[in-house]
1. Exposed loop GluC sites (Glu not before Pro) only (DSSP loop, at most 11 other Cβ atoms within 10 Å): please give the longest stretch of chain A free of them, not including the sites.
2. Nearest 10 degrees is fine. How inclined is helix A:3-15 to the longest principal axis of chain A, computing both from alpha carbons?
3. Counting other C-beta atoms within 10 Å, and keeping those with at most 14, which DSSP coil GluC sites (Glu not before Pro) do you find in segment B:41-129?
4. Between B:Ala72 and A:Val291, what is the spin-label point distance in nm, taking each point 7 Å from the Cα along the Cα→C-beta axis?
5. Please name which of A:Gln246, A:Ser294, A:Phe122 has its Cα lying farthest along the dipole of the protein assembly as shown towards the positive end, using unit charges on Cβ (Lys, Arg +1; Asp, Glu -1) and the Cα centre as origin.
6. Please figure out what share of the DSSP beta bridges in chain A is antiparallel and state it in percent, rounded to the nearest 5.
7. For a quick check, take a GNM of chain A with Cα springs below 10 Å and name the residue from A:Phe205, A:Phe253, A:Phe107 with the largest mean-square fluctuation.
8. When the Kirkwood radius is taken over all Cα pairs of segment A:34-155, what Stokes-Einstein diffusion coefficient follows at 4 °C and 1.567 mPa s, in µm²/s?
Amino acid sequence: MDETVAEYIRRTVLKIPRDEIKTMLEKWGFLSETQLQTVNFHQIKENISLDVVQLCEENSADIKQAAVLDIIYNHIYPNKRVWSVYQMNKRGEEMEFFDLTDFKKKFKRRLRSALKNVTINFREYEDNAIWIRIAWGTPYTKPNQYKTSYAVYHSQTPYVFISASVLRSNLPLLCQALVVASNYHDIREMELRSHSLNSLKDIVFKRYSQNFQTYYPRPLQERNVALESADPRIVQESRNEKERIQRVNREVFGDGPQPKLEFAQYKLETMFKSDPKMDVLDKKEPFRCLVKFSSPHLLESLKSLAPAGMADAPLSPLLTCIPQKARNYFKIREKKGFFPGSFVSP
Amino acid sequence: HLATSLPLPSEMDHLRPRIDLIAFMIDIKSKYSLKNVEASLAHVDASFFLGKVCFLVTGVGRVNYCSVEMNAIWKLGEVYCSPVLFCELELEGIRVATAQRLLRMLQICAGHIPGVSALSFGSLMRNSADE
């Protein structure tokens, strides 16, 4: 077995939390049940990884099998990577029947014609998700297995979720190969990025609970009990206001959990509005400014701002439109005749 | 009685007892809370500012998250001639001590302590803050 493959497998195993190693190796299916039983999964990870490599040696593992283990790891722990969303366009043709073998063949052919030194692996999952792992090399060097990109293509949709990696220069190649293989016409990057792959899917496939415009009846008594504290000596004077905030929040955010995003970024190219006496920027150029909101769970924290008494309800539509518009990166320019919440798509 | 802002809803007027002390809570982590308090102050009758108003600044334990400038708070206390108390609601000991202080002030403002009026107590607190 190749030294580099052995080392790669060893490092991949080390990434896995110790309690999950056995399950993941079983999913991998490369080592037999008998072989797995010879490994002590309670020893320190360093030793487990060495034992696993030894067994892989016996089975003469090559890079293809090692790559599959890497895909399995990333499929279970996708949140370690940052994912961007891409949308493909057809020129108004009918949706053709999707042929997986044809897709794989075309993808590999297109990518390899541009760059010979790549490792390409596929793995299909439920809900028509095709995971594609690409390890990039250069015209003169072998593929670097530690510099990988992942593309998750849902074949019944025009969407691809890509986690590029450091080598962004290979992104156009990857995009071309996807377009050609899936019989689409072109591909564009949406302004939507997050660590949580499932949340990106929720947003783009509209799987989150959306805001209700209709009145959502709930027994009044039930609500009052929720708002009043247990101590009858405390009188809530602002009960109506609190109810209004809850209602507005529910209308805007819906009832269910929000998709998980870590950032919202607003690039402002608007004119600086100041007191005319201050005489700032009399050249009247746009004031360039970047506003970035970050949070472990941005949408949930926005949802809790008004009930926590930290902001007015309703919030600015620039913040609340994020799931509906399926974007968390915005450019805001001046608009003639102010229209609240207006922004220009790039 | 807890309220998120003033004025209080008028439909509850007939159910409300006499108000002896108004404590305005400002979260030092939230500029919004300061703005809210400033807006609510406009709805308070002038007679309350003779010792029946105080400002309670919370969240002072988390120095890294201060959003409100101390100058703004001192100024508020000065302009409205009312004492400023500081506390950290997340620590039980401080919470209890602050509650006891407020209770003491309330007793004075309600006239339950003979010989001490709200006004005299208020000026006492202000003078000690200046030192």
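1. On the way: sites that count: A:Glu93, A:Glu94, A:Glu96, A:Glu126.
Maximal segment without exposed cleavage sites: A:127-346.
2. Helix A:3-15 sits at roughly 40 degrees to that axis.
3. Working: sites: B:Glu69, B:Glu78, B:Glu88, B:Glu90, B:Glu92; in loops: B:Glu69, B:Glu88, B:Glu90.
When the GluC sites (Glu not before Pro) of segment B:41-129 are filtered for loop state and at most 14 Cβ neighbours within 10 Å, B:Glu69, B:Glu90 remain.
4. 1.6 nm
5. Going by the charge dipole, the pick is A:Phe122.
6. Numbers: 39 of 44 bridges.
So the antiparallel bridges in chain A amount to around 90 percent.
7. A:Phe205
8. Working: Rh = 17.1 Å.
Calculated translational D: 76 µm²/s.
Taken together, the values in this text are just the output of simple stated rules run on the coordinates, not laboratory data. Computed from a prediction, not measured in an experiment: that's the story for all the values here. Please note: Cβ atoms are built from the backbone with ideal geometry, for glycine as well, and neighbour counts cover all protein chains shown.
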